[in-house]
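These notes are about the structure you will find just below.
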Amino acid sequence: MGFNPLGQLGELKKMRDQAMAIQKQLKLEEVEVSKHGVFVRISGDQEIREIKSNGKSDDDIRGAVNEAVKKSQEVAAKKLQAMTGGMGGLGGLLGGK
């Protein structure tokens, strides 16, 4: 049996579709933590939905934390792309933000 590049592309598409489906599911999941007077609600895809400290909402902190998470995800995506560079751009198929 010979090498079938089209079969490999089909597998990559299936993996990409699965990754995108998981990403959609993670957006719907939420985790809530309440500790030392601070309440945090975060989505499964690591977006801060709500931060309260001693009962007061703080959108400035929420925005800053979301920016930090986004930047850390970009760093991780670049590292992953560097590692999978020989895979025909698989890193880009994983659907970054």
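What follows is calculated from the coordinates using simple rules that are stated; it is not laboratory data. Worth saying up front: this structure is predicted, and the values here are computed from it rather than measured. Methodologically, a virtual Cβ is constructed for each residue, glycine included, from the backbone with ideal geometry; neighbour enumeration extends over all protein chains shown.
Screening region 19-48 for residues that are outside any strand (DSSP E or B) and small (G, A, S) and picking the one that is farthest from K71 (Cα to Cα) gives G37. Of all the listed residues (V75, V69, V65), the sole one being surrounded by fewer than 12 Cβ atoms within 10 Å (Cβ to Cβ) and not in a strand (DSSP E or B) is V75.
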